Amino acid sequence: MKKFLKKFYIVLLAVSFVAATVGFFVFATAKEYITENDISPDIQFSIGKRQLKGDAWTTYVPYIASAHPGKGTLTGRIYTGVVKNLNKRAIKEWNVEVNITQPCYLNNAWNGFVEIYKSRAEKKPSQPLIDLKKAEESDFSVRIIKNLNNILIPLDPGSKIVFYPSIEKYIPGRVQDVNSISMGFVFYTEDTDNLMKFKSWKVNYKFENDLFYRPFFYAFMLFYIMWLCLVISRIRLHAINLAKERDREHDRLTLEQVIKAFTKFIDAKDIYTGGHSERVAKYSYLLAKEMGKSSDECLNAYYCGLFHDCGKIAIPDEIIRKPEKLTDAEYKLMQSHTTTGYNLLKELTLIPDACLAALYHHERIDGTGYPKGLKGNEIPEIVRIISVADVFDCMSQDRCYRKAFPLEKIIEDFKMNSGKQFDPEVVKAFLSLAEKGAFKV
């Protein structure tokens, strides 16, 4: 679960960073705009017929007359548009979209380039960006009408032209003397008295240093700082945990070496019990793991298994090695290794259960054990595990007074004494491990 949460945390950090970065650049590169329905404190746009003498004229177009008898005379007019910056910040990028609402013919545009969309639904222009003042007939990708030296581009209602400035893309802020830019168009219409009506338009614009004036910029900066602090703290915490883990592992190995050295002194008192404590520790670890205990609980069982017989250091060698049956006095002295072990280990706070393992590992579930005759759950669970491990090792090894028992006999004995001498749950774990081949004679 911890590994899953760790991976989930890393993925969450990565996804949040990517999402924030994408969002940041989307907002950072987004242009603002106004339409004919907006009143903006930042920008103003107007478009209409230029009010100068000679700004209206008529021309005859044979091509139209042949296609539509009775028609062919068009009226041309000059229309000007003005983009004015009302903000103190300069506009660094802009363009104007003009939606066509009546049949007309576009002839020219100056101070910039145009794109032509035959339909507002088009994603790509029918006519890519073109300078109408310099364009040749071959430069057009839309239908045109050639009339003497003029080129006419038929436009129907629903089409759109987009004007891009050629040179003066930069519009200073209102603190400057000149804070507006004009553009011009020549449109022809068939109705002599009917002017072009620009009812629908849109101005897209972007301010210089716009990023620093947007509230989201500071929100994202705050997010990035918090995210960076979180990553740094996570890295630092990971480094601290690694260092602690290394220290714990070093302490564990040092402790284990000291314990093993100590238990070897105890096991050396009897050539028949050499390695007994290490084997009991190993079996205790396996039993705890089979019972579903945590890694710390399994390690605790291992250490307690190493220490369980430490009280035998006070028992005379002649009693430990005696091949004959012990006298009552000798047996009583042998039993004292439990209390002696407890007294030796009770100050060992690093492994607090070790003294309990030394004191109670000869207790029985039915209450007939020693030194206190504890019953059932009165015996600590860690001790109930070690008791099974201890008895198995005793029965599976040669002793000075008998030979080792075969595995089948040991399994039969455990089954028979389950609930009497041993905890049934621990016996169940033992039988499962024995079936898997973990316990061998």
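All of the numbers you see were taken from the coordinates with simple rules; none came from a lab. Quick caveat, the model's predicted, so the values are computed rather than measured. Don't worry about glycine lacking a Cβ; one is built from the backbone with ideal geometry, like all the others, and counts go over all protein chains shown.
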Open item on the list: 7 Å from Cα along Cα→Cβ at both LYS325 and VAL18: what's the point-to-point distance in nm?
Closed with: 7.8
TODO: Please determine, in degrees from 0 to 90 and to the nearest 10, the orientation of helix 381-396 with respect to the longest principal axis defined by the Cα atoms of the chain, where the helix direction is its Cα long axis.
DONE: 60
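Taking 0.36 nm per residue of separation and subtracting the Cα-Cα distance, what length does fully extending VAL441 through SER40 add? All intermediate terms of the calculation are to be shown ahead of the outcome.
Values: separation 401, 0.36 × 401 = 144.36 nm, distance 9.20 nm.
Here the segment from VAL441 to SER40 would lengthen by 135.2 nm.
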Task: In nm, spacing of pseudo-spin labels at PHE265 and HIS68 (7 Å Cα→C-beta vector) - done: 11.6
Open item on the list: Let me spell out the model: positive unit charges on the Cβ of Lys and Arg, negative unit charges on the Cβ of Asp and Glu, origin at the Cα centre of segment 268-436. What dipole size does that give, in debye rounded to 20?
Closed with: 240
Task: Euclidean distance of C-alpha centroids, segment 386-438 and segment 124-150, integer Å - done: 99
Open item on the list: Once you place label points 7 Å from the Cα toward the Cβ at TYR370 and ARG174, how far apart are they in nm?
Closed with: 10.3
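Can you pick out the pairs among LYS282/LYS436; LYS123/LYS202; LYS282/LYS440; LYS49/LYS199; LYS264/LYS403 whose Cα atoms lie more than 18 Å from each other? List each step's numbers first, then the result.
Working: LYS282/LYS436 16 Å; LYS123/LYS202 16 Å; LYS282/LYS440 13 Å; LYS49/LYS199 13 Å; LYS264/LYS403 22 Å.
From LYS282/LYS436; LYS123/LYS202; LYS282/LYS440; LYS49/LYS199; LYS264/LYS403, over 18 Å: LYS264/LYS403.
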Open item on the list: Angle check, please: helix 295-307 long axis (alpha carbons) against the longest principal axis of the chain (alpha carbons), in degrees 0 to 90, nearest 10.
Closed with: 20
TODO: Rounded to the nearest 0.05, what FRET efficiency do GLU32 and ASP139 give with R0 = 45 Å and r taken as the Cβ-Cβ distance? Could you check?
DONE: 0.90
TODO: Compute the acute angle (0 to 90°) between the alpha-carbon long axis of helix 2-29 and the principal axis of greatest extent of the alpha-carbon atoms of the chain; round to the nearest 10°.
DONE: 10
Task: aspartates and glutamates with Cα under 19 Å of LYS332, excluding same-chain neighbours fewer than 8 positions away - done: ASP270, ASP309, ASP317, GLU318, GLU324, GLU363
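Do you know the relative contact order of segment 314-412, to the nearest whole percent, from alpha carbon pairs under 8 angstrom that are 6+ apart? Can you show the working numbers first?
On the way: 100 pairs, mean separation 17.9, N = 99.
RCO, segment 314-412: 18 percent.
Mean residue ellipticity at 222 nm from the helices of the chain, using -39,500 (n - 2.57) per DSSP H segment of n ≥ 4 over the full residue count, to the nearest 500 deg cm²/dmol?
Working: 12 runs with 183 residues, N = 441.
-13500 deg cm²/dmol, from helical runs alone.
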Open item on the list: Using a Förster radius of 60 Å, what is the FRET efficiency between LEU333 and MET226 based on their Cβ-Cβ separation? Nearest 0.05, please.
Closed with: 0.30
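For every other residue with a beta carbon closer than 10 angstrom to the beta carbon of TRP201, add +1 if it is Lys or Arg and -1 if Asp or Glu, then tell me the sum. Numbers along the way, then the final one.
Values: positive: LYS160, LYS199, LYS202; negative: GLU36, GLU97.
That sum, taken over residues with Cβ under 10 Å, equals +1.
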TODO: Taking a cut-off of 23 Å between Cα atoms, list the lysines near LYS146, but don't count ones fewer than 8 places away on the same chain.
DONE: LYS71, LYS118, LYS133, LYS134, LYS160
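To the nearest 20 debye, what charge dipole does the chain have about its Cα centre, counting +1 at the Cβ of each Lys and Arg and -1 at the Cβ of each Asp and Glu?
Values: 62 positive and 53 negative charges, 219 e Å.
For this selection, approximately 1060 debye.
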TODO: Take the Cβ-Cβ distance between SER432 and CYS394 as r, set R0 to 22 Å, and report the resulting FRET efficiency rounded to the nearest 0.05.
DONE: 0.60
